[in-house]
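For reference, the structure discussed in these notes is given below.
The values are calculated or read from the model by the stated rules, or taken from the named source; none is laboratory data. In this text, all values refer to a predicted model and were calculated from it rather than measured experimentally. Please note: Cβ atoms are built from the backbone with ideal geometry, for glycine as well, and neighbour counts cover all protein chains shown.
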Amino acid sequence: MACQRRRSFKALQRHTYIGACLTRRCRRRHGPGRGERLHGMTQDFAGGADGLLLLMFGVGPASGSSFSPSPLGALFFRCRSKTKLVGTIPGRYRLELRHLRYFVAVARERNFTRAAEVLRVAQPPLSRQIQQLEGELGVTLIERGSRPVRLTAAGRLFYEQAVQILERVDELRSMSRRLHETDQTHFSIGFVGSTLYGYLPEVVRRYRAARPKVEITLLEFTTLEQIAALKEGRIDVGFGRIPFDDPAVDRLLLRNEKLITALPSAHPLLARRSPLQLADFADEPLVVYPKSPRPSYADQVLALFRESGVKPSAVYEVRELQTALGLVAAETGVCIVPASVERLRRDNVVYRPLAEVGAVSPIIMSTRKGDESTEIKLILKLLRELYRKEKIAFGA
């Protein structure tokens, strides 16, 4: 009881302080008459968080279901933008959307364990969040020891308003996303060079046909550079080959592409009609790309040789695919490339398949975390349609 009284007293202090700050500001802006009326309103509502919701947002037991700032709430939000009011509120006063979501889940499920499963969180942290919420509001929302969970009168009122607030937030999020998609006139695609010899050009062509008013920019980046470009907003989607994890980026495996060997046209192994093996290149010079940044596709190729127990006589690292094929044509060494590169015809270079089943390189699509925009969905739709037409297993 003593703890509850202390929490209630702290809440009363906070609400009284907010009211006093608003009263002083209203007096300066509108004169003493309106300031005194405002002071009386804040005193009437200083006793609880429900009153504060009614005061600030115009919502409460008899106020209907709309969630819009009252005249006083509008004044509060104008003050907030200058950080003078909120920045000077004493003590700790943080009410976040997650608190509302957690409380609504518990109220709907009427059980902490089931609510934790729905929210995909552990039960102890969920219980602590509810306790923090009650501490912030200064009221008890859930009857202690009740099974199933029962809400107090204040809890039922708070639940109704929390549901409305969360629904409104979801609507605002959807409207903002739709507005962004409607206004989007530019779409940037990052790619590693070898994907241009596969199906990426056809995907871009189909995207242009579906979005003729959208300006498309194609930027060649390594996989690591794509991660940075996505987080900085320089590209909207990236196509790479390195399975690099980042909490701010979603990765989707499109397919695993077979690897083949590029050899000089006079290489003695070309006389063999069967697929070549990595062991055939023991003591052969190897050309890999790109030289930097690392890790890169070059590390995938070197790892493949290490796992097979094959050691090249020398390793030449170059910056890009075209340079690597140039060295192959000059009989400097052999190069392991994705199968789609075979479409790139070059004098004095011949391609042969590899027998190793594990000799593959993934093609990975990267987007910003949680990006479910119409443009990303369209790219995925076009990829699936193209793979289906070419009889390529998506994601394998």
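Among the residues making up segment 132-149, those that are among the β-branched types (Val, Ile, Thr) and part of a loop (DSSP other than H, G, I, E, B) are 139, 140, 149. Answer with yes or no whether residue 104 is hydrophobic (A, V, I, L, M, F, W, C) and not in a helix (DSSP H, G or I). Answer is no for this residue.
When the strands (runs of 3 or more DSSP E) confined to segment 328-396 are screened for residues that are closer than 30 Å to residue 187 by Cα and not basic (Lys, Arg), those reaching at least 3 such residues are found at 360-368.
Out of 310, 360, 334, which single residue is assigned by TED's automatic domain parsing to the domain that holds residue 194, over 20 Å from residue 196 (Cβ atoms), in contact with a Leu (Cβ under 8 Å, 6 or more places away or on another chain) and touching a residue at least 60 places away in the same chain (Cβ under 8 Å)?
Going through 310, 360, 334 in turn, just one is assigned by TED's automatic domain parsing to the domain that holds residue 194, over 20 Å from residue 196 (Cβ atoms), in contact with a Leu (Cβ under 8 Å, 6 or more places away or on another chain) and touching a residue at least 60 places away in the same chain (Cβ under 8 Å): 334.
As a summary of the residue check, residue 121 satisfies the conditions (1) buried (at least 19 other Cβ atoms within 10 Å of the Cβ); (2) outside any helix (DSSP H, G or I); (3) hydrophobic (A, V, I, L, M, F, W, C) except for the one numbered (1). Exactly one residue among 225, 215, 232 is acidic (Asp, Glu), surrounded by 15 or more Cβ atoms within 10 Å (Cβ to Cβ) and assigned by TED's automatic domain parsing to the domain that holds residue 394, and that residue is 225. The residue of segment 235-259 that is surrounded by the most Cβ atoms within 10 Å (Cβ to Cβ), among those that are in contact (Cβ under 8 Å) with a residue 24 or more places away in the chain and assigned to a loop (DSSP other than H, G, I, E, B), is 235.
Restricting segment 324-380 to residues that are under 36 Å from the mean Cα position of the chain (by Cα) and of a type in the set (S, T, N, Q) leaves a set whose member that is surrounded by the fewest Cβ atoms within 10 Å (Cβ to Cβ) is 374.
Taking the condition part of a loop (DSSP other than H, G, I, E, B), under 30 Å from residue 207 (Cα atoms) and either charged (D, E, K, R) or in contact with a Gly (Cβ under 7 Å, 6 or more places away or on another chain) (or both), does residue 283 pass? Here the answer is no, as residue 283 does not meet what is asked.
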